[in-house]
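S.K.: Below are the structure tokens for one structure; questions will follow.
Nothing in this text is a laboratory measurement; each read-out follows from the coordinates by a stated rule. Everything numeric here is computed off the predicted structure, so don't read it as measured data. A quick note on method: Cβ atoms are made from the backbone with ideal geometry, for glycine too, and the neighbour counts reach across all protein chains shown.
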Amino acid sequence: MVNYKDLGLVNTREMFAKAINGGYAIPAFNFNNMEQLQAIIKASAETKSPVILQVSSGARKYANQTLLRYMAQGAVEYAKELGWEHPQIALHLDHGNTFELCKSCVDFGFSSVMIDGSALPYEENIALTKQVVEYAHQFDVTVEAELGVLAGVEDDVVAEESHYTKPEEVIDFSTRSGCDSLAISIGTSHGAYKFTPEQCTVDPATGRLVPPPLAFDVLDAVMDKLPGFPIVLHGSSSVPQEYVDIINKYGGKMPNAVGIPEDQLRKAAKSAVCKINIDSDSRLAFTAAVRQVLAEKPGEFDPRKYCGPARDEMVKLYTHKIIEVLGSDGKAL
Ligand SMILES: [Zn+2]
């Protein structure tokens, strides 16, 4: 049993309260490897932004949960080395699907867990979330729950169709489950193909797909029912077209990849949405940089020569998100 506090990590309670009051959102970035983690910490330390490091079940399989946790512990020390005196870093389980998995993360030093019972019938979702909350709160670990279903593909989470969160359920759900934050479905979606071309319109000037707007009426109704309660958005990558273009230019094939426009996320960040999950954009930045280096220098075989530029590109991406989209810079001095 390791408590996250001994690792220098923090839970999400205080960061969310400040974010709601301050009208900004905390970035939740997924990581699977060293370069991603270095980039996240560098961008967060340089901008003094609180940050949530997310580990998905796919990341646990890819990189090993033990290794990822030690990496997060190392990240706190790395942040201090970069001159961030009081780093505010949470280590969060993304899309936990069983009590046992959440418990093992709590026992292992995570400061926050998500229990995703959104695919279950309503009462079962409450019961499972409550079970995780009762365990996690003994150790001051915060719990994110989900109500409503997001479409898209994220590691092991696959849903064909989305169902918006029903605002009339959120008071009952949050009260009875005891969750600390709630992921809701308002039209965001997992992955790099968030909408089919049929769901989009076409910008006549650029020929690019324009996705349908988020359901801010649903968000407003949720906030109306739960004033000041922390709301989470999953699937909130913007799928920057410059990365898609580089990938396609250098041998990739990602037709019609489309994400959530940043102006929509900026608007959400000013509301009770206090955690915005971004994963795909980092994958795109990484892949674009690697493809470009390997295409331009076909003789290159030192992974540092393409993972290095990929890391630099991710630092740029994370810094942009923190300052230009979420507004969380300077909030963890
Ligand atoms: Zn998610």
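S.K.: Which of the lysines could a cross-linker span from LYS61 if the Cα-Cα distance has to be under 23 Å and same-chain partners fewer than 8 positions apart are dropped?
M.R.: Result set, ordered by chain and number: LYS103.
S.K.: If you average the sequence gap of Cα pairs under 8 Å that are 6 or more apart and divide by the length of segment 179-333, what percent do you get for the contact order?
M.R.: Averaging sequence separation for qualifying contacts and normalising by length gives 24 percent for segment 179-333.
S.K.: Kindly give Rg over Rh for the chain, based on alpha-carbon atoms, with the Kirkwood expression for the hydrodynamic radius.
M.R.: Rounded to two decimals, Rg over Rh is 0.95.
S.K.: Hey, another quick one. Considering only the other residues whose Cβ falls under 12 Å of the Cβ of ILE246, what net charge follows from Lys and Arg at +1 and Asp and Glu at -1?
M.R.: Charge balance in the 12 Å sphere: -2.
S.K.: Just flag the chymotrypsin sites (Phe, Trp or Tyr not before Pro) in segment 278-329 sitting in loop per DSSP whose Cβ has no more than 16 other Cβ atoms within 10 Å.
M.R.: Passing sites in segment 278-329 are PHE301.
S.K.: Please give every one of the lysines within straight-line cross-link reach of LYS249, meaning a C-alpha to C-alpha distance under 23 Å, and leave out same-chain neighbours fewer than 8 residues apart.
M.R.: Straight-line reach from LYS249, under 23 Å: LYS194, LYS297, LYS305, LYS316.
S.K.: Using a ≥ b ≥ c from the Cα gyration tensor of segment 247-333 (square roots of the eigenvalues), is it rounded, prolate or oblate, where a/c under 1.5 gives rounded and otherwise the larger of a/b and b/c decides, a/b for prolate?
M.R.: Oblate, because a/c is 1.5 or more while a/b does not exceed b/c.
S.K.: While we're here: So which lysines pass the test for LYS270, namely a Cα distance under 16 Å, with those fewer than 8 places away in the same chain ruled out?
M.R.: LYS18, LYS321, LYS331
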